[in-house]
């Protein structure tokens, strides 16, 4: 699952150092309590010396809210962010543009609480703040519109997202802002792919062709963009139709690569969806992803595993109950021979994962799409793909040129839908 972690740098460094020293958990907990106490003391000192409406309260309030957010204490963080917003509005006005960051933090908190109605109102309020300050064609307004469309995409409202992207694209085309247009086309491609609509790869091909006439992009950038377009085309097309690199001078060989499961139906086939329970779910939305988790779960882990994300409920069912606390200790060493057409022709698995879990890994590998190995002339060849699959929490970020992160996002969305049945 994608996580957008709000973490002050000094606090993050101190935690990293403590973790590296393998200090006991109670020491780490004391450090967290001490950090919170210092922030609370700082806030009280400012109130006592400068008053309850002092702008100096913004920073420690934000840090305290972030602290609770990181500890998954969402109710507390929501109350703190609301207090900070109220303070900002008293000092700067209801429509102050400066409240953007605090609105975003509160939006994240409500999303993690599962209150999408409030989160959605905040997303629209952010957009309205910019609309009061800027004309539709001005860059800050264009970026605000893209952010709102991203929110719609992250909450699976693909039609609404695509409508906004379409409007922004028209404005960008009129102004010849090619750099912003490239980012927009990639967002459109991602939305089309997640929605399982036609021709997402064509958007990435447009990106590649735009780069041809832009001096800020070199051969490496263009090759990366072309690979992304080819990877997405492999996912969208039939297995027997693999794109080529005829229009690109190619000088760098690359090994075969697993792109992931093509669509939500493939996730259902691999998981054998009978394992999913019927229960109420909550949606968590981060900057780049959507994930759903049961109300009864303490940790929002709708998917686990790396590099291939897997539906966590299915993984749990494939592991004996007595071993489920050792999930992060399991692994599967994978060796897949991928032919010139991107098809897995031989799969070998080793490791300490239970037999049923290894079978789940095999089903994912059998149903996944692959990019074949590519030589320095751009020809595709048969070769072996080797990696280790683990079963801890899924962590990845959407990368505009790494299409495997797109399929990971689609897998998580499919796991959400299955879990919510």
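For the stretch 385-400, enumerate the residues that are at pLDDT 80 or above and either within 17 Å of residue 188 (Cα to Cα) or surrounded by fewer than 21 Cβ atoms within 10 Å (Cβ to Cβ) (or both). Before the answer, list the steps.
Looking only at the stretch 385-400, we keep the residues that are at pLDDT 80 or above, and these are 385-392.
385, 386, 387, 388, 390, 392 - these are the residues of the stretch 385-400 that are at pLDDT 80 or above and either within 17 Å of residue 188 (Cα to Cα) or surrounded by fewer than 21 Cβ atoms within 10 Å (Cβ to Cβ) (or both).
Give the stretch 75-119 a look and list any residue that's within 13 Å of residue 61 (Cβ to Cβ) and either free of Cβ contacts under 8 Å to residues at least 24 places away in the same chain or not assigned by TED's automatic domain parsing to the domain that holds residue 133 (or both), or say none.
Scanning the stretch 75-119 gives 76, 79, 80, 83, 85, 86.
Across the stretch 358-384, what is the total count of residues that are buried (at least 19 other Cβ atoms within 10 Å of the Cβ) and within 25 Å of the chain's Cα centre (by Cα)?
Count: 8.
If you go through the stretch 226-277 one residue at a time, how many are closer than 18 Å to residue 347 by Cβ and modelled with pLDDT of 85 or more?
So the answer is 8.
Among the helices (runs of 4 or more DSSP H) lying completely within the stretch 100-177, list those that include at least 2 residues that are over 30 Å from residue 210 (Cα atoms). Walk me through it before giving the result.
Numbers: elements: 100-113, 116-133, 139-154, 158-175.
Here the list reads 100-113, 116-133.
Looking at the stretch 41-51, can you tell me whether even one residue there is touching a helix residue (DSSP H, G or I) at 6+ places or on another chain (Cβ under 8 Å), touching a residue at least 24 places away in the same chain (Cβ under 8 Å) and surrounded by fewer than 19 Cβ atoms within 10 Å (Cβ to Cβ)? Give the steps one after another, and end with the answer.
In the first step, residues of the stretch 41-51 are kept if they are touching a helix residue (DSSP H, G or I) at 6+ places or on another chain (Cβ under 8 Å); the result is 42-43, 46-47, 50.
Filter again for touching a residue at least 24 places away in the same chain (Cβ under 8 Å), leaving none.
Scanning the stretch 41-51 turns up no residue that is touching a helix residue (DSSP H, G or I) at 6+ places or on another chain (Cβ under 8 Å), touching a residue at least 24 places away in the same chain (Cβ under 8 Å) and surrounded by fewer than 19 Cβ atoms within 10 Å (Cβ to Cβ).
Residues of the stretch 178-196 being surrounded by fewer than 16 Cβ atoms within 10 Å (Cβ to Cβ) and assigned to a loop (DSSP other than H, G, I, E, B), which ones?
196
Mind checking whether some residue in the stretch 343-365 is modelled with pLDDT under 90, within 14 Å of residue 257 (Cβ to Cβ), in contact with a helix residue (DSSP H, G or I) (Cβ under 9 Å, 6 or more places away or on another chain) and not assigned by TED's automatic domain parsing to the domain that holds residue 227? Let's see the steps before the verdict.
Just the residues of the stretch 343-365 that are modelled with pLDDT under 90, to begin with: none.
No, because not a single residue in the stretch 343-365 is modelled with pLDDT under 90, within 14 Å of residue 257 (Cβ to Cβ), in contact with a helix residue (DSSP H, G or I) (Cβ under 9 Å, 6 or more places away or on another chain) and not assigned by TED's automatic domain parsing to the domain that holds residue 227.
Filter the strands (runs of 3 or more DSSP E) completely within the stretch 334-421 down to those with at least 3 residues that are more than 24 Å from residue 193 (Cα to Cα).
Of the strands (runs of 3 or more DSSP E) lying wholly inside the stretch 334-421, those with at least 3 residues that are more than 24 Å from residue 193 (Cα to Cα) span 344-351, 383-393.
Which numbered condition in (1) modelled with pLDDT under 60; (2) not in a loop (DSSP other than H, G, I, E, B) is the only one that residue 300 fails?
Result: residue 300 fails condition (2) only.
The values are calculated or read from the model by the stated rules, or taken from the named source; none is laboratory data. Here the structure is a predicted model, which means the values were calculated and not measured. Neighbour counts run over all protein chains shown; Cβ positions are idealised from the backbone, glycine included.
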